[in-house]
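Here the structure comes first, spelled out in structure tokens, and everything after it is commentary.
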Amino acid sequence: MKPSIVVYTCLTGAREPLREDQLVSHGEPREQFVAFVDAPVQTSIWEQKLMGPQERSARRSARYIKLLAHRHIDAEYSLWQDANVALRVPLSQLCADWLTGCDLAVFRHRTRDCLYQEAQI
């Protein structure tokens, strides 16, 4: 059975540890934490998926996972989270607050509010 909510991140070069202080739900639906890594790291809550050959840089490798998550994650909802960030709000609450009637939620850009303007830049 596929998980309904997946939090995912990418950690390359093991420059920092995976954050273990995530707010983990104990009811339903329960989120799954998945870390795409280039080498195994110590963790108690993150399921690790070894990445294949690296792109030209660690940054590009992480962006590949971030932008093409649908190729690697099968879940009703997914949330990209930088490896140095900890979840402090129940993910089911975020989904209910921001995804009701929507397929995608993103942060508001600080200077532009038009996708076409963003594409030109």
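Here are some notes:
- Selected residue [surrounded by 11 or more Cβ atoms within 10 Å (Cβ to Cβ) and β-branched (Val, Ile, Thr)] from 121, 73: 73
- The lone exception for residue 50 - which of (1) of a type in the set (A, V, I, L, M); (2) modelled with pLDDT of 85 or more; (3) surrounded by 17 or more Cβ atoms within 10 Å (Cβ to Cβ) it fails: (3)
- Only one of the numbered conditions (1) in a helix (DSSP H, G or I); (2) exposed (fewer than 10 other Cβ atoms within 10 Å of the Cβ) is violated by residue 100, and that is (1).
- Residue satisfying condition, being at pLDDT 85 or above and under 11 Å from the mean Cα position of the chain (by Cα), within set 74, 82: 82
- Filter pass, residue 39 being in a loop (DSSP other than H, G, I, E, B) and closer than 21 Å to residue 5 by Cβ: no
- Taking first residues from segment 103-121 that are without any contact (Cβ under 8 Å) to a residue 60 or more places away in the chain and small (Gly, Ala, Ser) and partners that are surrounded by 10 or more Cβ atoms within 10 Å (Cβ to Cβ) and outside any helix (DSSP H, G or I), the Cβ contacts under 7 Å between residues at least 6 apart in sequence or on separate chains come to 105/99.
Condition check ((1) in contact with an Asp or Glu (Cβ under 7 Å, 6 or more places away or on another chain); (2) open to solvent by 90 Å² or more (accessible area, probe 1.4 Å); (3) within 14 Å of residue 7 (Cβ to Cβ)) across all residues:
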residue	(1), (2), (3)
45	yes, no, yes
69	no, no, yes
78	no, no, yes
83	yes, no, yes
96	no, no, no
110	no, yes, no
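The values are calculated or read from the model by the stated rules, or taken from the named source; none is laboratory data. The structure displayed is predicted, hence computed values, not measured ones. Here the Cβ is made from the backbone with ideal geometry for all residues, glycine too, and neighbour counts use every protein chain on show. Side chains are part of the model used for accessible areas, which takes the heavy atoms of the whole protein and leaves out ligands, DNA and RNA. Shrake-Rupley method; radii C 1.70, N 1.55, O 1.52, S 1.80 Å.
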